[in-house]
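One structure below.
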Amino acid sequence: IKAVQMAGEYDRSMRMVQALTGASSDQMKQYDTQLKQLAMNAGVAPDALAKGLYNVLSAGYQGATAMNVLTMATEDAKIGMTNATVTTDALTNILKSFSVKTQDVTRVNGEMLETVTLGKATFEQYAQSIVKSASSANQFHVSMETMNAAWATMTSSGIRAAQASTDFQQSLKVMDGNIGTVAKSLAKNGIAFNEAKFNSMSYGDQVVYLNGALEKANEKHVKIT
C-alpha cells in the first residue's frame with residue numbers, strides 16, 4: 001500500500017513539474033528515467049527528487065545540466081542530512097545570483113560544502129540562510145568567495161547561521177550605501193577615517209579598517225551613528 005502511495009505521489013509531482021516548467025513529454029520521459037536511476041544510486045525517494053528537479057528546471061537548467069545540478073544537490077542533501085528541495089534551492093539560487101557558468105557548477109558546489117566545513121553550522125542551515133546573502137552580495141558587487149568566507153568566519157565565531165547571513169547583509173548596506181554618514185560621524189568626533197581609501201578596499205579590508213575606527217570611537221566613549 002505504501003509503495004502504491006509513493007508511486008502516486010511521484011506521478012503527481014512529475015505532472016506538476018511538467019505543468020509548471022513547460023517541459024515536453026519527451027523531456028519528461030528522459031527526466032523520469034534518469035531521476036529513477038538517481039533515486040536508486042543515491043537511496044533517495046523519487047518523489048523527493050522530483051521536487052528538487054522542479055527547483056532546478058525553474059532556475060533555467062535543462063537536460064544533462066539539470067540532472068548534473070540535481071545529482072550534486074542530492075549528494076549535498078545526504079551529506080548535510082537534509083532534502084533535495086532545500087539543497088537544490090540553495091545551489092540554483094547561488095548559481096544564478098553570481099551568474100556561474102555551466103562548467104563551474106561543480107567548483108561552486110564544492111565551495112559551498114567547504115564553507116560549511118570551515119564554519120560552524122549544518123548544510124541545511126547554510127542552505128536556508130545563504131540565499132538572501134547571495135542576493136545582497138550580487139547587488140553590492142561582492143564575490144561569492146567573499147560572502148562564503150564572511151559567513152564561515154562569523155559562524156565559526158559562534159554567531160548563528162541565520163544571524164550571520166543577516167549581519168553580512170547589514171554590513172554591505174552600511175559599507176556601501178551609508179559609509180558617508182559613518183565617515184561624517186567619525187570626523188565630527190575627531191577620529192581619522194579616509195573614505196576614499198575605504199571605498200577602494202576589498203570587503204575584508206573594509207571590515208578591518210572600519211573596525212579600527214570604531215574601536216577608537218569606543219575608547220573615546222563616542223557613539224557612531
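Restricting attention to segment 147-162, which residues are crowded, with 16+ Cβ neighbours inside 10 Å and either charged (D, E, K, R) or over 14 Å from SER136 (Cβ atoms) (or both)? Within segment 147-162, ALA149, ALA152, THR153, MET154, THR155, ILE159, ALA161 meet the criteria. Suppose we filter THR122, THR146 for residues that are touching a residue at least 40 places away in the same chain (Cβ under 8 Å), under 19 Å from ALA73 (Cβ atoms) and among the hydroxyl-bearing types (Ser, Thr, Tyr); which single one remains? Result of the check over THR122, THR146: THR122. Does GLN163 satisfy being farther than 29 Å from MET67 by Cβ and among the polar types (S, T, N, Q)? Considered against the rule, which asks whether it is farther than 29 Å from MET67 by Cβ and among the polar types (S, T, N, Q), GLN163 comes out as yes. The set of residues from segment 180-205 being part of a helix (DSSP H, G or I), open to solvent by less than 60 Å² (accessible area, probe 1.4 Å) and either farther than 22 Å from HIS221 by Cα or touching a Leu at 6+ places or on another chain (Cβ under 8 Å) (or both) comprises VAL182, PHE198, TYR203, GLY204.
Search segment 48-58 for residues being of a type in the set (A, V, I, L, M, F, W, C) and at pLDDT 90 or above, and hand back the single one that is most open to solvent (accessible area, probe 1.4 Å). Of everything passing the filter in segment 48-58, LEU57 is most open to solvent (accessible area, probe 1.4 Å). Of the residues ALA127, ALA134, ALA121, the single one that is of a type in the set (A, V, I, L, M, F, W, C), open to solvent by less than 20 Å² (accessible area, probe 1.4 Å) and touching a Lys or Arg at 6+ places or on another chain (Cβ under 9 Å) is ALA134.
Here is the figure for segment 94-103: residues that are open to solvent by 10 Å² or more (accessible area, probe 1.4 Å) and either under 15 Å from MET67 (Cα atoms) or of a type in the set (A, V, I, L, M, F, W, C) (or both) total 4. For segment 26-47, name all the residues that are part of a helix (DSSP H, G or I) and open to solvent by 30 Å² or more (accessible area, probe 1.4 Å). Answer for segment 26-47, where residues must be part of a helix (DSSP H, G or I) and open to solvent by 30 Å² or more (accessible area, probe 1.4 Å): ASP26, GLN27, LYS29, GLN30, ASP32, THR33, GLN34, LYS36, GLN37, MET40, ASN41, PRO46.
The values are calculated or read from the model by the stated rules, or taken from the named source; none is laboratory data. Remember, it's a predicted structure, so these values are computed and weren't measured experimentally. Quick reminder, even Gly has a Cβ in these numbers, built from the backbone with ideal geometry, and neighbours come from all protein chains shown. The protein model used for the area step is the full one, side chains on, heavy atoms only, and it has no ligands, DNA or RNA in it. Shrake-Rupley method; radii C 1.70, N 1.55, O 1.52, S 1.80 Å.
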